[in-house]
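Enquirer: Can you read through this structure? Questions will come right after.
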Amino acid sequence: MSSIHQQHLTPANMTMIETALARVRLLYNLKPGSDEELHVAAVMVGEFQIGNATETGLYNVFLGPTDTATHFRRKQQMRLALQQWEDEGGAVHS
């Protein structure tokens, strides 16, 4: 079993993730602050923490798979990221 090195978020990392999120928001016409956008953000943070640490890499997660193995791996990672996000309290709504 391989271990995953979890990366820590810095202000520069958050800015990069926010830029990637803005690109995905535009691509899929997501409303800012919507549940869909919050899920995309959670997936991006999860992807970042497992090593997908570039704006292009995070954006590409939402472009669709290039092959079956990649698709399966990405769906697993997204499910795990969303589950962890929800286990930690998810989005806080006012």
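Enquirer: Yes or no: segment 54-63 includes at least one residue that is crowded, with 17+ Cβ neighbours inside 10 Å, at pLDDT 90 or above and of a type in the set (S, T, Y).
Expert: Checked segment 54-63: at least one residue is crowded, with 17+ Cβ neighbours inside 10 Å, at pLDDT 90 or above and of a type in the set (S, T, Y).
Enquirer: Only one of these is among the basic types (K, R), at pLDDT 90 or above and closer than 24 Å to G89 by Cα: K75, K31. Name it.
Expert: So the residue among K75, K31 that is among the basic types (K, R), at pLDDT 90 or above and closer than 24 Å to G89 by Cα is K31.
The values are calculated or read from the model by the stated rules, or taken from the named source; none is laboratory data. Worth saying up front: this structure is predicted, and the values here are computed from it rather than measured. A quick note on method: Cβ atoms are made from the backbone with ideal geometry, for glycine too, and the neighbour counts reach across all protein chains shown.
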